[in-house]
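A short write-up of the structure that comes next.
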Amino acid sequence: MITKSETVLTVDDEDTIRRLLYQKITSEGYKCLTASNATEAMEIVKNHDIALAILDIKMPGLSGMDILPEIRIVSPDTAVIMATAISDTDTAINCMKLGAYDYVTKPFKLDAVIMGMERALEKRRLILENRDYQEHLELKIKDQAEKIRGSFFNAITSLAYALEAKDSYTIGHSQRVAETSVAIAGAMELPFATVEQIRLAGLVHDIGKIGIRSACLNKAGNLTEDEYNHIKTHPSVGERILSPITEDHEILKIVRHHHEHFNGRGYPDGLKGEEIPLGARIMALADAYDAMTSLRPYRKAMTDIEAWEELKTVLRYTI
(Lines give C-alpha, C1' and ligand atoms only; values in the text may rest on other atoms or scores of the structure.)
Protein backbone atom coordinates (compact mmCIF):
# COMPACT_ATOMS: atom_id res chain seq x y z
CA MET A 1 0.00 0.00 0.00
CA ILE A 2 1.36 3.44 -0.96
CA THR A 3 1.78 5.64 2.14
CA LYS A 4 2.21 8.92 0.21
CA SER A 5 5.22 9.72 2.38
CA GLU A 6 7.48 9.31 -0.66
CA THR A 7 9.36 12.24 -2.17
CA VAL A 8 8.74 13.08 -5.83
CA LEU A 9 11.15 15.13 -7.93
CA THR A 10 9.87 17.10 -10.93
CA VAL A 11 12.41 18.29 -13.49
CA ASP A 12 11.30 20.81 -16.11
CA ASP A 13 12.80 24.03 -17.51
CA GLU A 14 9.38 25.74 -17.51
CA ASP A 15 8.62 27.41 -14.19
CA THR A 16 4.85 27.27 -14.73
CA ILE A 17 4.87 23.50 -15.24
CA ARG A 18 7.02 22.99 -12.14
CA ARG A 19 4.58 25.05 -10.03
CA LEU A 20 1.52 23.21 -11.35
CA LEU A 21 3.06 19.81 -10.71
CA TYR A 22 4.29 20.88 -7.26
CA GLN A 23 0.82 22.07 -6.21
CA LYS A 24 -0.94 18.96 -7.51
CA ILE A 25 1.58 16.48 -6.09
CA THR A 26 1.69 18.09 -2.63
CA SER A 27 -2.12 18.37 -2.56
CA GLU A 28 -2.19 14.57 -2.93
CA GLY A 29 -0.06 14.21 0.21
CA TYR A 30 3.33 13.57 -1.38
CA LYS A 31 6.50 15.52 -0.70
CA CYS A 32 7.77 17.30 -3.80
CA LEU A 33 11.09 18.79 -4.85
CA THR A 34 11.68 20.62 -8.12
CA ALA A 35 14.61 21.24 -10.44
CA SER A 36 14.87 23.44 -13.53
CA ASN A 37 17.72 21.58 -15.19
CA ALA A 38 19.63 18.32 -15.24
CA THR A 39 22.46 19.53 -13.01
CA GLU A 40 20.08 20.60 -10.23
CA ALA A 41 18.18 17.35 -10.62
CA MET A 42 21.28 15.16 -10.15
CA GLU A 43 22.31 17.09 -7.03
CA ILE A 44 18.88 16.46 -5.53
CA VAL A 45 18.97 12.77 -6.45
CA LYS A 46 22.40 12.39 -4.86
CA ASN A 47 21.36 14.09 -1.60
CA HIS A 48 17.74 12.97 -1.08
CA ASP A 49 15.80 9.74 -1.03
CA ILE A 50 13.78 10.23 -4.21
CA ALA A 51 11.08 7.64 -4.77
CA LEU A 52 9.96 9.01 -8.13
CA ALA A 53 11.35 11.48 -10.66
CA ILE A 54 9.30 13.08 -13.45
CA LEU A 55 11.79 14.12 -16.16
CA ASP A 56 11.09 16.43 -19.06
CA ILE A 57 12.54 14.67 -22.10
CA LYS A 58 13.56 17.91 -23.88
CA MET A 59 15.34 20.61 -21.88
CA PRO A 60 18.13 23.05 -22.75
CA GLY A 61 21.52 21.46 -22.17
CA LEU A 62 21.24 17.95 -20.78
CA SER A 63 17.78 16.51 -21.36
CA GLY A 64 15.77 14.14 -19.22
CA MET A 65 16.77 11.39 -21.60
CA ASP A 66 20.45 12.24 -20.95
CA ILE A 67 20.23 12.00 -17.16
CA LEU A 68 17.97 8.93 -17.04
CA PRO A 69 20.97 6.51 -17.17
CA GLU A 70 22.77 8.57 -14.49
CA ILE A 71 19.78 8.38 -12.17
CA ARG A 72 19.60 4.61 -12.71
CA ILE A 73 23.25 4.38 -11.59
CA VAL A 74 23.17 6.86 -8.67
CA SER A 75 19.75 5.87 -7.34
CA PRO A 76 18.62 2.59 -8.94
CA ASP A 77 15.53 2.40 -6.71
CA THR A 78 14.17 5.71 -7.99
CA ALA A 79 11.23 5.21 -10.33
CA VAL A 80 11.28 7.49 -13.38
CA ILE A 81 8.44 8.84 -15.49
CA MET A 82 9.24 10.72 -18.69
CA ALA A 83 7.27 13.86 -19.62
CA THR A 84 6.95 14.34 -23.36
CA ALA A 85 4.99 16.09 -26.05
CA ILE A 86 2.39 13.94 -27.78
CA SER A 87 4.45 14.04 -30.97
CA ASP A 88 7.48 12.54 -29.22
CA THR A 89 5.99 9.40 -27.65
CA ASP A 90 8.39 7.13 -29.55
CA THR A 91 11.28 8.74 -27.68
CA ALA A 92 9.44 8.20 -24.40
CA ILE A 93 8.98 4.52 -25.21
CA ASN A 94 12.68 4.25 -25.93
CA CYS A 95 13.30 5.78 -22.50
CA MET A 96 11.20 3.02 -20.96
CA LYS A 97 13.53 0.52 -22.60
CA LEU A 98 16.35 2.29 -20.74
CA GLY A 99 14.60 1.87 -17.39
CA ALA A 100 11.83 4.48 -17.17
CA TYR A 101 8.63 3.16 -15.60
CA ASP A 102 6.14 5.13 -17.70
CA TYR A 103 5.56 8.39 -19.57
CA VAL A 104 3.02 11.21 -19.46
CA THR A 105 2.22 13.59 -22.31
CA LYS A 106 2.03 17.37 -22.48
CA PRO A 107 -0.13 19.32 -22.10
CA PHE A 108 -0.67 17.60 -18.76
CA LYS A 109 -3.91 16.30 -17.42
CA LEU A 110 -2.91 16.52 -13.79
CA ASP A 111 -5.16 13.68 -12.63
CA ALA A 112 -3.55 11.45 -15.27
CA VAL A 113 -0.12 12.47 -13.96
CA ILE A 114 -1.12 11.39 -10.45
CA MET A 115 -2.48 8.08 -11.74
CA GLY A 116 0.78 7.45 -13.60
CA MET A 117 2.75 8.35 -10.47
CA GLU A 118 0.79 5.95 -8.32
CA ARG A 119 1.19 3.11 -10.83
CA ALA A 120 4.94 3.70 -10.92
CA LEU A 121 5.21 3.94 -7.13
CA GLU A 122 3.16 0.76 -6.71
CA LYS A 123 5.44 -1.09 -9.14
CA ARG A 124 8.46 0.26 -7.27
CA ARG A 125 6.99 -0.85 -3.95
CA LEU A 126 6.42 -4.38 -5.25
CA ILE A 127 9.99 -4.57 -6.56
CA LEU A 128 11.41 -3.40 -3.22
CA GLU A 129 9.19 -5.78 -1.26
CA ASN A 130 10.22 -8.69 -3.45
CA ARG A 131 13.90 -7.82 -3.00
CA ASP A 132 13.44 -7.53 0.76
CA TYR A 133 11.65 -10.88 0.80
CA GLN A 134 14.47 -12.52 -1.17
CA GLU A 135 17.12 -11.07 1.14
CA HIS A 136 15.24 -12.21 4.25
CA LEU A 137 14.60 -15.59 2.67
CA GLU A 138 18.32 -16.04 2.09
CA LEU A 139 18.98 -15.14 5.73
CA LYS A 140 16.30 -17.58 6.89
CA ILE A 141 17.76 -20.33 4.72
CA LYS A 142 21.24 -19.61 6.06
CA ASP A 143 19.94 -19.62 9.63
CA GLN A 144 18.07 -22.88 9.03
CA ALA A 145 21.17 -24.43 7.48
CA GLU A 146 23.16 -23.45 10.57
CA LYS A 147 20.53 -25.03 12.82
CA ILE A 148 20.54 -28.23 10.74
CA ARG A 149 24.32 -28.29 10.83
CA GLY A 150 24.22 -27.80 14.62
CA SER A 151 21.75 -30.65 14.99
CA PHE A 152 23.90 -32.86 12.80
CA PHE A 153 26.97 -32.03 14.86
CA ASN A 154 25.11 -32.81 18.07
CA ALA A 155 23.97 -36.14 16.63
CA ILE A 156 27.53 -36.89 15.54
CA THR A 157 28.87 -36.11 19.03
CA SER A 158 26.21 -38.26 20.69
CA LEU A 159 27.06 -41.19 18.45
CA ALA A 160 30.76 -40.81 19.21
CA TYR A 161 30.04 -40.84 22.95
CA ALA A 162 27.85 -43.91 22.49
CA LEU A 163 30.74 -45.73 20.85
CA GLU A 164 33.19 -44.73 23.57
CA ALA A 165 30.77 -45.93 26.23
CA LYS A 166 30.79 -49.35 24.56
CA ASP A 167 34.54 -49.66 24.00
CA SER A 168 36.72 -48.11 26.71
CA TYR A 169 39.78 -48.45 24.48
CA THR A 170 38.33 -45.97 21.97
CA ILE A 171 37.85 -43.13 24.49
CA GLY A 172 39.16 -39.98 22.82
CA HIS A 173 40.15 -41.92 19.68
CA SER A 174 37.58 -40.31 17.38
CA GLN A 175 38.43 -36.81 18.59
CA ARG A 176 42.15 -37.40 18.12
CA VAL A 177 41.66 -38.89 14.64
CA ALA A 178 39.50 -35.89 13.68
CA GLU A 179 42.13 -33.43 14.93
CA THR A 180 45.02 -35.24 13.22
CA SER A 181 43.07 -35.52 9.97
CA VAL A 182 42.25 -31.81 10.05
CA ALA A 183 45.93 -31.01 10.67
CA ILE A 184 46.93 -33.10 7.64
CA ALA A 185 44.21 -31.56 5.46
CA GLY A 186 45.22 -28.06 6.61
CA ALA A 187 48.87 -28.74 5.75
CA MET A 188 47.69 -29.80 2.29
CA GLU A 189 45.82 -26.47 2.02
CA LEU A 190 42.53 -28.16 1.19
CA PRO A 191 39.41 -25.96 0.99
CA PHE A 192 37.68 -25.13 4.27
CA ALA A 193 34.53 -27.05 3.31
CA THR A 194 36.59 -30.19 2.63
CA VAL A 195 38.46 -29.84 5.93
CA GLU A 196 35.13 -29.51 7.75
CA GLN A 197 33.81 -32.68 6.08
CA ILE A 198 36.97 -34.51 7.15
CA ARG A 199 36.61 -33.23 10.72
CA LEU A 200 33.00 -34.38 11.03
CA ALA A 201 33.76 -37.73 9.42
CA GLY A 202 36.66 -38.19 11.84
CA LEU A 203 34.36 -37.85 14.82
CA VAL A 204 32.27 -40.80 13.65
CA HIS A 205 34.56 -42.80 11.39
CA ASP A 206 34.30 -45.82 13.73
CA ILE A 207 30.65 -45.39 14.64
CA GLY A 208 29.86 -48.70 12.92
CA LYS A 209 31.62 -50.46 15.79
CA ILE A 210 28.41 -49.96 17.73
CA GLY A 211 27.17 -52.90 15.69
CA ILE A 212 30.23 -55.04 16.45
CA ARG A 213 30.12 -57.63 19.23
CA SER A 214 31.98 -56.50 22.35
CA ALA A 215 33.68 -59.91 22.56
CA CYS A 216 35.42 -59.12 19.28
CA LEU A 217 36.21 -55.48 20.05
CA ASN A 218 37.80 -56.24 23.42
CA LYS A 219 39.36 -59.61 22.70
CA ALA A 220 42.91 -59.80 24.08
CA GLY A 221 44.07 -62.65 21.87
CA ASN A 222 44.14 -63.16 18.11
CA LEU A 223 40.86 -62.87 16.25
CA THR A 224 39.49 -65.79 14.32
CA GLU A 225 38.80 -65.27 10.63
CA ASP A 226 35.08 -65.00 11.33
CA GLU A 227 35.68 -62.45 14.09
CA TYR A 228 37.96 -60.40 11.86
CA ASN A 229 35.42 -60.48 9.02
CA HIS A 230 32.79 -59.35 11.52
CA ILE A 231 34.93 -56.36 12.58
CA LYS A 232 35.55 -55.50 8.94
CA THR A 233 31.85 -54.76 8.53
CA HIS A 234 32.03 -51.65 10.74
CA PRO A 235 32.74 -49.11 7.94
CA SER A 236 29.67 -50.12 5.95
CA VAL A 237 27.60 -50.36 9.14
CA GLY A 238 28.76 -46.84 10.01
CA GLU A 239 27.68 -45.58 6.62
CA ARG A 240 24.21 -47.08 7.13
CA ILE A 241 23.93 -45.54 10.60
CA LEU A 242 24.86 -42.08 9.30
CA SER A 243 22.83 -42.12 6.07
CA PRO A 244 19.57 -40.98 7.74
CA ILE A 245 21.41 -38.20 9.59
CA THR A 246 23.33 -36.53 6.76
CA GLU A 247 23.04 -36.26 3.00
CA ASP A 248 26.69 -35.22 2.75
CA HIS A 249 28.01 -37.98 0.51
CA GLU A 250 31.65 -37.00 1.10
CA ILE A 251 31.30 -37.66 4.84
CA LEU A 252 29.60 -40.97 4.13
CA LYS A 253 32.34 -41.98 1.67
CA ILE A 254 35.09 -41.13 4.16
CA VAL A 255 33.41 -43.23 6.84
CA ARG A 256 32.90 -46.16 4.45
CA HIS A 257 36.38 -46.14 2.94
CA HIS A 258 38.74 -45.19 5.78
CA HIS A 259 40.03 -48.81 5.91
CA GLU A 260 40.74 -49.10 2.19
CA HIS A 261 44.43 -49.64 1.33
CA PHE A 262 46.33 -48.02 -1.49
CA ASN A 263 47.30 -51.49 -2.76
CA GLY A 264 43.65 -52.55 -2.97
CA ARG A 265 43.79 -54.98 -0.06
CA GLY A 266 41.65 -52.93 2.30
CA TYR A 267 37.94 -53.14 3.01
CA PRO A 268 34.99 -53.05 2.54
CA ASP A 269 35.24 -52.51 -1.25
CA GLY A 270 38.87 -53.26 -2.07
CA LEU A 271 39.43 -49.86 -3.65
CA LYS A 272 42.96 -48.98 -4.62
CA GLY A 273 45.03 -45.94 -5.45
CA GLU A 274 43.07 -42.80 -6.23
CA GLU A 275 39.83 -44.75 -6.34
CA ILE A 276 39.89 -44.13 -2.59
CA PRO A 277 38.50 -40.67 -1.71
CA LEU A 278 41.22 -38.27 -0.58
CA GLY A 279 39.48 -37.64 2.75
CA ALA A 280 39.42 -41.38 3.43
CA ARG A 281 43.13 -41.67 2.62
CA ILE A 282 43.91 -38.84 5.04
CA MET A 283 41.80 -40.45 7.72
CA ALA A 284 43.44 -43.84 7.19
CA LEU A 285 46.78 -42.29 8.10
CA ALA A 286 45.40 -40.46 11.14
CA ASP A 287 43.53 -43.58 12.25
CA ALA A 288 46.59 -45.81 11.85
CA TYR A 289 48.80 -43.36 13.75
CA ASP A 290 46.39 -43.09 16.67
CA ALA A 291 45.84 -46.86 16.78
CA MET A 292 49.60 -47.44 16.90
CA THR A 293 50.17 -44.95 19.69
CA SER A 294 47.20 -46.10 21.81
CA LEU A 295 47.03 -49.03 24.22
CA ARG A 296 45.00 -51.96 22.92
CA PRO A 297 43.92 -55.20 24.66
CA TYR A 298 46.21 -57.19 22.41
CA ARG A 299 49.35 -54.97 22.43
CA LYS A 300 51.10 -52.06 24.09
CA ALA A 301 51.19 -48.57 22.61
CA MET A 302 53.98 -47.55 20.25
CA THR A 303 55.98 -44.40 20.80
CA ASP A 304 55.53 -41.50 18.39
CA ILE A 305 58.88 -42.28 16.78
CA GLU A 306 58.02 -45.96 16.33
CA ALA A 307 54.66 -45.09 14.79
CA TRP A 308 56.25 -42.53 12.48
CA GLU A 309 58.83 -45.02 11.27
CA GLU A 310 56.05 -47.50 10.60
CA LEU A 311 54.10 -44.94 8.59
CA LYS A 312 56.98 -43.46 6.61
CA THR A 313 57.19 -46.45 4.32
CA VAL A 314 53.59 -46.03 3.17
CA LEU A 315 52.98 -42.30 3.60
CA ARG A 316 54.03 -41.24 0.12
CA TYR A 317 51.81 -43.87 -1.46
CA THR A 318 48.72 -43.07 0.58
CA ILE A 319 47.97 -39.43 -0.15
Original post:
Based solely on its DSSP helices, what 222 nm [θ] is calculated for the chain when runs of n ≥ 4 H residues each add -39,500 (n - 2.57) and the sum is averaged over all residues, nearest 500 deg cm²/dmol?
Top reply: -19000 deg cm²/dmol
Subject >> Spatially proximal aspartates and glutamates relative to Lys300 (Cα-Cα < 16 Å; intrachain offsets below 8 disregarded) >> reply: Asp290, Glu310
Original post:
Over all distinct Cα pairs, what is the inverse of the mean 1/r for the stretch 27-147, reported as the Kirkwood hydrodynamic radius in Å?
Top reply: 15.7 Å
Original post:
Which distance in Å, rounded to a whole number, links the C-alpha centroids of the stretch 134-153 and the stretch 258-308?
Top reply: 36 Å
Subject >> Per residue value of the accessible surface for the chain (all protein chains in place, 1.4 Å probe), Å² >> reply: 55 Å²
Subject >> Accessible surface of the chain [probe 1.4 Å, protein heavy atoms]: carbon and sulfur percent >> reply: 55 percent
**OP:** Report, in whole Å, the centroid distance computed from the Cα atoms of the stretch 204-249 and the stretch 65-114.
**Re:** 72 Å
Original post:
Around Ala85, which amide H atoms from residues at least 5 apart in sequence, or from another chain, sit under 5 Å from its own amide H, with H modelled in the peptide plane?
Top reply: Lys106
**OP:** Can you tell me the order of 40-46, 221-227 when each peptide is scored by its average per-residue count of other Cβ atoms within 10 angstrom, highest first?
**Re:** 40-46, 221-227
**OP:** Could you rank the peptides 135-147, 230-242, 206-218, 185-197 by their average count of other C-beta atoms within 10 Å per residue, with the highest value first?
**Re:** 230-242, 206-218, 185-197, 135-147
Subject >> Of all DSSP beta bridges in the chain, antiparallel share, percent nearest 5 >> reply: 5 percent
Original post:
On full extension of the chain, what length is gained from Phe108 through Asp269, given 0.36 nm per residue of separation minus the C-alpha to C-alpha distance?
Top reply: 49.9 nm
**OP:** Apply the Karplus parameterisation 6.51 cos²θ - 1.76 cosθ + 1.60, with θ equal to phi minus 60°, to every residue of the stretch 56-73 and state each ³J(HN,Hα) to the nearest whole Hz, in sequence, with x for glycine and proline.
**Re:** 6, 5, 10, 9, x, x, 6, 8, x, 5, 5, 8, 3, x, 5, 5, 5, 7
Subject >> Which listed pairs, of Lys24/Lys46; Lys58/Lys123; Lys58/Lys97; Lys24/Lys58; Lys140/Lys209, have C-alpha distances above 28 Å, in listed order >> reply: Lys140/Lys209
**OP:** Step through the residues of the stretch 96-109 one at a time and calculate ³J(HN,Hα) from phi using the Karplus curve (6.51 cos²θ - 1.76 cosθ + 1.60, θ = phi - 60°), rounding each to whole Hz and writing x for Gly and Pro.
**Re:** 5, 5, 8, x, 5, 7, 6, 9, 10, 9, 9, x, 5, 9
Subject >> Per-peptide average of other Cβ atoms within 10 Å, ordering 300-311, 275-286, 6-17 highest first >> reply: 275-286, 6-17, 300-311
Subject >> Candidate values (1) 32, 61, 8; (2) 26, 26, 14, 25, 9, 0; (3) 30, 58, 12, 0, label of the one derived for P(r) over Cα pairs in 20 Å bins from 0, in percent >> reply: (2)
**OP:** Report, ordered by chain and residue number, the aspartates and glutamates lying within cross-link reach of Lys219, taken as a straight Cα distance under 13 Å and ignoring same-chain residues fewer than 8 apart.
**Re:** Asp167, Glu227
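The values are calculated or read from the model by the stated rules, or taken from the named source; none is laboratory data. Just so it is clear, the structure is predicted and the values come from calculations on it, not from any experiment. Glycine gets a Cβ as well: all are built from the backbone with ideal geometry, and neighbour counts include every protein chain shown. Areas reflect the complete protein model, heavy atoms only, side chains present, ligands, DNA and RNA absent. Shrake-Rupley method; radii C 1.70, N 1.55, O 1.52, S 1.80 Å.
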